[in-house]
Amino acid sequence: MSEESRAGRAMGYLSHVWYCAALATEVSAQPLRRVVCQQPVVLYRTGTGDVAALEDRCGHRQAPLSRGRVAGDEIQCMYHGSIFGKDGRCIRVPNQDAAPKSASIRSYAAVERWGYVWLWRGDPAGADRDAIPALPWTANAGRRSIYFRFYVKANFQLMADNLLDDAHMDFVHRASIGSRSGMNADAPEVDVTFETSGDRVNCVRRSAGACLGKMATKWAGTSRPVIHTNTQMWEAPNTIHSVHEFKNE
Amino acid sequence: MTPETATSCHYFMNWTRDFGIENVGYPTDDDVFAEQSAVIMTEDIPMVEAQQENIVAFGAVHDAPAKQDVFIIHVHRVLVDAHRRAGHPLPPELQRVAHNGVSTLTADGAKL
């Protein structure tokens, strides 16, 4: 087991799942450093436009490859000039005939899909592309999508739990999105249904008499209380789909 | 949501709408970007970061699951199972909750 795998296991990060590593628009021929599950990774586009992902370290003296430059499919460390292929193999060290095998570094399976770059932490040979979370609405001509990336100084599970937790709407978002009760701690009951299927959990919450905040009033086109239905699907390790529907009562 | 370290993460979001798709009147892409950024950066993230700071400051504290946490409870159960299947130790966030009875709550929040 690699040091990276040991460290990841110790922290409890699942290996055989896809993690979103970047917006597709962030990745170019200019190397991008991103730390995923405590592992620094360098992402770049090869000459054919594919995304490559390697450990962000040169196997020679451990300088970050993200400070290097990309040429075709390869990336060159700008400390002493070692060159690595997209498979992590060190293919050239300046001023010597052969590159040592020991200088090679880890590569990751990386796939661009749905406007994001997804990274597989396990053995690249075992990467299951069918397991990438599906976001088909991003490719729907009748819809319009906007992409965001935020940096949060908190454990990823806390942030994910925030999205799964509808109850905070009444308090944290009372002015912007709105609430069922106007910050009444005993809000009207909400119909909630759940369904767990494999590594997915679906939840539908339906609340009548929802008081919309300033922002949601504009979305819904009414300031009167509405029926608010929030349909959410969570998918391991932490992709959350959330659909909000507002209807007049 | 992608872990960076034990106390930081990358939050990727896609906001898709089926109204105003001509992008000429409200909501334009700029409107949505400004609104969603404001909500997440000034309402959600400060609360969650403050929660994280408290968890670090107070150390070994446990959550007290409530009825309104049922979706989280369902999700944590699936994650606990996934970690066990993979032979991974439970991450601190799942331990902090699991130690306080998550696994004994039913879907409607009642204690078994």
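The values are calculated or read from the model by the stated rules, or taken from the named source; none is laboratory data. Nothing here was measured: the structure is a model prediction, and the numbers come from that model. Here Cβ is always computed from backbone atoms with ideal geometry, including for glycine, and neighbour counts include all displayed protein chains. The protein model used for the area step is the full one, side chains on, heavy atoms only, and it has no ligands, DNA or RNA in it. Shrake-Rupley method; radii C 1.70, N 1.55, O 1.52, S 1.80 Å.
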Dividing the mean separation of Cα pairs under 8 Å (6+ apart) by the residue count of chain A yields a relative contact order in percent of 13 percent
Any aspartates and glutamates whose Cα falls less than 14 Å from that of B:Lys67, other than same-chain ones fewer than 8 residues away, would be A:Asp165, A:Asp166, A:Asp186, A:Glu189, A:Asp191, B:Asp108
As straight-line cross-link partners of A:Lys86, the qualifying lysines (C-alpha separation under 18 Å, not fewer than 8 residues apart within one chain) are A:Lys101
Mean per-residue count of partner chain Cβ within 10 Å for A:15-27 equals 2
Per residue, accessible area of the protein assembly as shown with a 1.4 Å probe, heavy atoms of protein chains only, in Å², comes to 48 Å²
Per the helix-only model, chain A has a calculated mean residue ellipticity at 222 nm (DSSP H runs of ≥4, -39500 (n - 2.57) each, divided over all residues, rounded to the nearest 500) of -3000 deg cm²/dmol
Computed for A with B: buried accessible area summed over both chains, 1.4 Å probe, rounded to 100 Å², at 6200 Å²
Quick calc, the protein assembly as shown, dipole around Cα centre from Cβ unit charges on Lys, Arg (+) and Asp, Glu (-), nearest 20 debye, gives 800 debye
Mean per-residue count of partner chain Cβ within 10 Å for A:237-247 equals 2
For A:Lys247, counting only lysines whose alpha-carbon sits under 24 Å away and dropping same-chain residues fewer than eight positions off, the answer is A:Lys214, A:Lys218
With the charge dipole of the stretch A:44-186 built from beta-carbon charges (+1 for Lys and Arg, -1 for Asp and Glu) about the Cα centre, the Cα from A:Ile132, A:Val111, A:Val51 projecting farthest to the positive end belongs to A:Val51
Length-normalised contact order of chain B, Cα under 8 Å, at least 6 apart, in percent, tallies to 20 percent
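Work out the mean other chain Cβ neighbour count within 10 Å for the residues of A:190-197 and drop it here as an integer.
Across the residues of A:190-197, the mean count of other-chain Cβ atoms within 10 Å is 3.
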Within chain A, cysteines having no neighbouring cysteine beta carbon under 4.7 Å are A:Cys20, A:Cys37, A:Cys90, A:Cys203, A:Cys211
Between A:Asp73 and residues 5 or more places away or on another chain, the pairs with built amide H atoms under 5 Å apart involve A:Gly47
Rounded to whole angstrom, the alpha-carbon centroid of the stretch B:13-42 lies from that of the stretch A:83-160 at a distance of 27 Å
Long-range amide H partners of A:Gly178, meaning residues 5 or more apart or on another chain whose placed amide H is closer than 5 Å, are A:Gly213
Treating only Lys and Arg (+1) and Asp and Glu (-1) as charged, each at its beta carbon, one finds that the stretch A:123-249 has a dipole about its Cα centre, in Debye to the nearest 20, of 780 debye
Of the candidates B:Gln51, B:Thr2, B:Pro65, the farthest towards the positive dipole end of chain B (Lys/Arg Cβ +1, Asp/Glu Cβ -1, centred on the Cα centre) is B:Pro65
